[in-house]
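This report concerns only the one structure given below.
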Amino acid sequence: VIGDDSHPDDEPLLPDYGGACVTGLVPALLEGSHEPDWLSHDLLAARRVLLLVLDGLGWNQLQQRRD
């Protein structure tokens, strides 16, 4: 969670797979079988959607553990 200081720096931060995560976004956009409450209805109703994913692959965590 961005801005959440309650998570210790020495443990990896795991995604919320049950919530607003890419693993839930892609099926919602492609299948339209479920409408998550965190996703805009206008987006789900769009005929075309461009999904651009830029991922640092946990860049900060990798830098902290590179030794």
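The values are calculated or read from the model by the stated rules, or taken from the named source; none is laboratory data. Because the structure is a prediction, the values reported are computed rather than measured. So basically every Cβ, Gly included, is an ideal-geometry build from the backbone, and we count neighbours across all protein chains shown.
Among the residues of the stretch 35-43, are any at pLDDT below 80, part of a loop (DSSP other than H, G, I, E, B), in contact with a helix residue (DSSP H, G or I) (Cβ under 7 Å, 6 or more places away or on another chain) and over 30 Å from GLN64 (Cα atoms)?
Filtering the stretch 35-43 for residues at pLDDT below 80 gives 35.
Right, trim to part of a loop (DSSP other than H, G, I, E, B) and you get 35.
Checking which are in contact with a helix residue (DSSP H, G or I) (Cβ under 7 Å, 6 or more places away or on another chain) leaves us with 35.
Remaining after also requiring over 30 Å from GLN64 (Cα atoms): 35.
Within the stretch 35-43, one or more residues are at pLDDT below 80, part of a loop (DSSP other than H, G, I, E, B), in contact with a helix residue (DSSP H, G or I) (Cβ under 7 Å, 6 or more places away or on another chain) and over 30 Å from GLN64 (Cα atoms).
Could you please let me know if ARG65 is surrounded by 10 or more Cβ atoms within 10 Å (Cβ to Cβ), more than 15 Å from the chain's Cα centre (by Cα) and basic (Lys, Arg)?
Numbers: surrounded by 10 or more Cβ atoms within 10 Å (Cβ to Cβ): yes; more than 15 Å from the chain's Cα centre (by Cα): yes; basic (Lys, Arg): yes.
Criteria met by ARG65.
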